[in-house]
Amino acid sequence: MGLLTWAAIATPVLRPLFDIAEREHWSALWVRPTVIWVTMGLLLMFVRTVFWVRYRSFAPAIAEEAPLITVVIPAYNEGAMVETAIASVAMAHYPAGRLQIIAVDDGSGDDTWSHIRHAALRFPDLVTTVRLPENRGKRAALAAGFRLATGEILVTVDSDSEIERGTLLALAGPFRDPRIGAVAGKVAVRNRKQGLIPRMLHVRFVLSFDFLRSAQSMFRTVYCCPGALAAYRTSVVLEVLPAWEQQRFLGSECTYGEDRALTNAILERGYDTVYQRSAIVHTIVPETYGKLCRMYLRWDRSYIREELRFARIVWRRPPLWRICALYESTVTNLRFPVAYMSIGLWMVHAVEDPRAILRMLLAIMIVSVVYVLYYLRSERSWDVVFGVLYAYFSFFALTWIFPYAALTLRARGWLTR
């Protein structure tokens, strides 16, 4: 970062940008704000790095003292994979008699229900089955499971995922602290060897969880406890359940982003949300460009909606944590106008000077290399190369998704099937 800063200030590498800014008055208005944002971003990167290095996983629950826990697994047209998900939970290390599994078939049109029933026969003392008469969406399926829960802790696991054996004890550990209302688990890519996109997403997921959520956990404000693996204090969930289930935005029913919405509801109640690195789930990610775009559209729409809501909630956080969350959220969200205006400036410059294309390619490489260094600390693997590839892939193939998501916020489709 020091070298990049020195190159920007003491060398002519950015001179072409300032030259065009002098010729084009509209771009001159944008160059200085961009430089200010980059400075703020470097400070945020430094703070995140300090938090990330200092982060430590919470001690797992001791088997003899483990609380009653309910795992809810919603499924829709998942086929045989749902039985694998249920089995991974049933065979996890957790005391007998303290685990309840609720598998909910959300009106599937395939053989999902038969696989759920087969899992219930395999683990008769653990699995409770629920079959909704029609497809009502993941949020409704989760709510049906939550209402049948008997555990002190609620855990959600996606039906295309498989948890590691120590995950449940790891998730229960942080709840020793009565201030904690939700715990985010670590999500890894189960099908990472099945093509270029899963390989790239694996690196992105490691950075998203081991880096970003580790840092957020240090100020006890993890913004999203992911649906693939998260744990909640049951008493809090039951308090917010009616409002969460009936959430609306711009007059439209909210059918996606249920995990971020539930995390926000728990933060709004004054509870903390943290990350547990030792609680691990392996999930299936899209292998094709079309499915990847649909996933990101869903994520970005819920991100915009819940960021607007978080802007009100953040003021209820304790003062120091509020400052950390406000700064991170502000810098992170400013990246959108800065990035898209910078792309516009670059395109204008590229018409006048084709060498700008090479400079942009080099800039993407430098920034991506800085980020994948964090990945190497978590995982010593040559997959680090796919992290650099993802940076180029994201720039050229995914940049359109966020503005399109912003223009279609009222869309209700899950876009997964």
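Based on what the data block shows, is Asp259 in contact (Cβ under 8 Å) with a residue 40 or more places away in the chain, over 15 Å from Gly227 (Cβ atoms) and under 13 Å from the mean Cα position of the chain (by Cα)?
Judged against the criteria, Asp259 is not a match.
Take the stretch 63-83 and flag every residue that is without any contact (Cβ under 8 Å) to a residue 40 or more places away in the chain and open to solvent by 50 Å² or more (accessible area, probe 1.4 Å).
Glu64, Glu65, Ala80 - these are the residues of the stretch 63-83 that are without any contact (Cβ under 8 Å) to a residue 40 or more places away in the chain and open to solvent by 50 Å² or more (accessible area, probe 1.4 Å).
I'd like the full set of residues that are surrounded by fewer than 24 Cβ atoms within 10 Å (Cβ to Cβ) and either aromatic (Phe, Trp, Tyr) or in contact (Cβ under 8 Å) with a residue 12 or more places away in the chain (or both), limited to the stretch 84-98.
Hits for the stretch 84-98 are Thr84, Ala87, Ser88, Ala90, Met91, Ala92, His93, Tyr94, Pro95, Arg98.
Which ones in the stretch 153-181 are assigned to a loop (DSSP other than H, G, I, E, B) and either closer than 25 Å to Thr112 by Cα or open to solvent by less than 30 Å² (accessible area, probe 1.4 Å) (or both)?
Asp158, Ser159, Asp160, Glu164, Arg165
Within the stretch 118-134, track down each residue that is within 31 Å of the chain's Cα centre (by Cα) and open to solvent by 100 Å² or more (accessible area, probe 1.4 Å).
Arg131, Pro133, Glu134, listed by residue number.
Of the residues that sit in the stretch 316-339 and are closer than 24 Å to Phe386 by Cα and not hydrophobic (A, V, I, L, M, F, W, C), which one is most open to solvent (accessible area, probe 1.4 Å)?
Looking at residues that are closer than 24 Å to Phe386 by Cα and not hydrophobic (A, V, I, L, M, F, W, C), I get Arg335.
Among (1) within 30 Å of Glu164 (Cβ to Cβ); (2) free of Cβ contacts under 8 Å to residues at least 60 places away in the same chain; (3) touching a Leu at 6+ places or on another chain (Cβ under 9 Å), where does Trp315 come up short?
Trp315 satisfies every listed condition except (1).
Got at least one residue in the stretch 107-117 being free of Cβ contacts under 8 Å to residues at least 60 places away in the same chain, buried (at least 20 other Cβ atoms within 10 Å of the Cβ), over 19 Å from Phe175 (Cβ atoms) and small (Gly, Ala, Ser)?
Yes - at least one qualifying residue is present in the stretch 107-117.
Could you list, in sequence order, the residues of the stretch 379-392 that are touching a helix residue (DSSP H, G or I) at 6+ places or on another chain (Cβ under 7 Å) and open to solvent by less than 50 Å² (accessible area, probe 1.4 Å)?
Glu379, Asp383, Val384, Phe386, Gly387, Val388, Tyr390, Ala391, listed by residue number.
Does the stretch 345-356 hold any residues that are within 20 Å of Val38 (Cα to Cα) and open to solvent by 30 Å² or more (accessible area, probe 1.4 Å), and which are they?
Trp346, Met347, listed by residue number.
Would you say Leu373 is touching a Ser or Thr at 6+ places or on another chain (Cβ under 6 Å) and either of a type in the set (A, V, I, L, M, F, W, C) or surrounded by 14 or more Cβ atoms within 10 Å (Cβ to Cβ) (or both)?
Taking the combined requirement at face value, the residue does not satisfy it.
Ala182 is checked against (1) over 30 Å from Leu320 (Cα atoms); (2) touching a residue at least 60 places away in the same chain (Cβ under 8 Å); (3) of a type in the set (A, V, I, L, M) and fails just one. What number does that condition carry?
It is condition (1) that Ala182 fails.
Picking from Ala350, Ala356, which residue would you name as being without any contact (Cβ under 8 Å) to a residue 24 or more places away in the chain and in a helix (DSSP H, G or I)?
From the options Ala350, Ala356, the qualifying one is Ala350.
The values are calculated or read from the model by the stated rules, or taken from the named source; none is laboratory data. The structure presented is a predicted model; accordingly, all values stated were derived computationally and were not measured. Glycine gets a Cβ as well: all are built from the backbone with ideal geometry, and neighbour counts include every protein chain shown. The area values use the complete protein model at the heavy-atom level, side chains included, leaving out ligands, DNA and RNA. Shrake-Rupley method; radii C 1.70, N 1.55, O 1.52, S 1.80 Å.
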